[in-house]
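Shown next, in structure tokens, is the structure this report addresses.
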Amino acid sequence: MDRAGGTPAPLRIRNADQHYKVNFSLPVFSARKAADIHSRYCALSMTYLQKLAADTANLYAKSFGRPARWIVAAPGRVNVIGEHTDYNEGFVLPTAIERYAVMAADKAPGGEKVIQIRDSSGAETAFIDLSAPVKPGAPKWSNYARGVISGMMERGLNPGGLDILLNSTVPLGGGLSSSASLEVCTATLLEAVTGRTLVPVEKALLCQKAEHEFAGVPCGIMDQFISVMGRQNNLLLLDCRSRETQLVPMNDPAVSLLIANTNVKHELANGEYGRRRAQCETACRILGAPSLRETTSEALANAKDKMDDIVFRRARHVIGEIERTVHAAEAVRNANWPAVGQLMYASHASLRDDYEVSCKELDVIVEIAEGIGIKGGVFGCRMTGGGFGGCAVALVKTELIEAISKQLAAEYKKKTGIDATIFTTRPAAGATVLKG
Ligand code: GLA
């Protein structure tokens, strides 16, 4: 049911030790205008990937002097809610976005046992020798592909020598999973070339392992799962304990996801991620719980004196965020957008104050969004991804996208001196073979 034009029922959501009460009355909504924008937008988004594939095919022909035999794509993602919960066996609610890593490829001439990857952005070309076990190496970015190639070869999927052109539109370091999209794109290409496919869960886990072992990033499972399993017009509710997934339809033309890239990436990101994981593990040891998924806010409150304040607040974020994510999935199913929006704001506050992974620029975006408010078309906004820079995601009224984007960009520039990059996306499909 589309409730964007009505007055939603009040909703009380209990989170750790706070209560959120949601009860808004909304201005009358122009359904026809939203539907117009939506259908124009869908026509555009259907061709976005096709156009990107065609561009990549042209770049390939120019670069290698012959046509590509395979073209594959894997999307980046935006996480609507459920941040830093995946490695705590909780829930996440991401969607694939219309930004992709695309690879065009052909067999290497002369039966060479080398995979060559040229990057359309001009980054250093990677040469990966298949005549010995594949190891991490230079250039650094190639480790995401190396890790996947190594994992696929261990499973007997040997593609032989390849000439590949990589063309990615997922912003680097923006918290939109540019690395997972590269991993999943590589795995999808090797599936296409070898004519063998992995079970989706196995494929996602193989890509996650590549990131752990070849890039040294102890990430959770969210990014690779959504890049493999995304479905158009759906969010994915992923239970990171059982690895079960549920599609959560989000096809109301009246609402859209707006992504605002702060265009900052703070250096501490990597070490801090591992530190957060360790703090969660400390909380579990003290609570005697196998994971923070297995505990409750009551148990945490009872153990408050046994842990230091930082560990307590980290655990409070995770426990509250798991609960918020489940509520948010339900609210999306009911098209209760104001409720989803409030949960997004609560998530941001918790990530900022308890988990301490936000930064000034992300907080500025969220404050501006809050200032615009529901009357101006913003239901909610929060940082998305690992944090310390990158992107914020906002749930907005489709018909007001232009006005919201302009205001966000202008106020952000005024407050930080930085140009934000703002774009909108419909929930997109996961990795796909476009040719071959
Ligand atoms: C990064 C990781 C994910 C997840 C998020 C935070 O994107 O790759 O696994 O932990 O941070 O939610």
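The values are calculated or read from the model by the stated rules, or taken from the named source; none is laboratory data. Note that this is a predicted model, so its numbers are computed, not measured. Ideal geometry is used to build each Cβ from the backbone, glycine not excepted, and the neighbour counts take in all protein chains shown. Please note that ligands, DNA and RNA were not included when accessible areas were found on the heavy atoms of the full protein model with its side chains. Shrake-Rupley method; radii C 1.70, N 1.55, O 1.52, S 1.80 Å.
Laid out as a table, the results:
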{"item": "Test: R196 is away from the ligand (no atom under 16 Å from the Cβ), of a type in the set (K, R) and assigned to a helix (DSSP H, G or I)", "result": "no"}
{"item": "Residue ID - nearest to L237 (Cα to Cα), chosen from residues in the range 57-84 that are in a loop (DSSP other than H, G, I, E, B) and open to solvent by 40 Å² or more (accessible area, probe 1.4 Å)", "result": "R69"}
{"item": "Counted residues, the range 150-167 - those being closer than 15 Å to S63 by Cβ and under 28 Å from the mean Cα position of the chain (by Cα)", "result": "4"}
{"item": "Wholly within the range 288-372, helices (runs of 4 or more DSSP H) carrying at least 3 residues that are open to solvent by less than 20 Å² (accessible area, probe 1.4 Å)", "result": "309-333, 337-353, 360-372"}
{"item": "Check on L236, open to solvent by less than 10 Å² (accessible area, probe 1.4 Å), touching a residue at least 60 places away in the same chain (Cβ under 8 Å) and within 16 Å of the ligand (Cβ to nearest atom)", "result": "yes"}
{"item": "From G160, G137, G122, residue being open to solvent by 10 Å² or more (accessible area, probe 1.4 Å), of a type outside the set (K, R) and closer than 20 Å to Q208 by Cα", "result": "G137"}
{"item": "The range 239-249 - residue that is away from the ligand (no atom under 14 Å from the Cβ) and open to solvent by 10 Å² or more (accessible area, probe 1.4 Å) and, of those, nearest to E321 (Cα to Cα)", "result": "D239"}
{"item": "Hey, A132 away from the ligand (no atom under 16 Å from the Cβ) and surrounded by 15 or more Cβ atoms within 10 Å (Cβ to Cβ) or not", "result": "no"}
{"item": "Matching residues, the range 167-197, being hydrophobic (A, V, I, L, M, F, W, C) and buried (at least 20 other Cβ atoms within 10 Å of the Cβ)", "result": "V170, L176, A180, L182, V184, C185, A187, L189, L190, A192, V193"}
{"item": "Filter result (more than 9 Å from the ligand (Cβ to nearest atom) and open to solvent by less than 20 Å² (accessible area, probe 1.4 Å)) within the range 201-224", "result": "K203, A204, L206, C207, A210"}
{"item": "Selected residue [hydrophobic (A, V, I, L, M, F, W, C), on the phi > 0 side of the Ramachandran plot and at pLDDT 95 or above] from A335, A328", "result": "A335"}
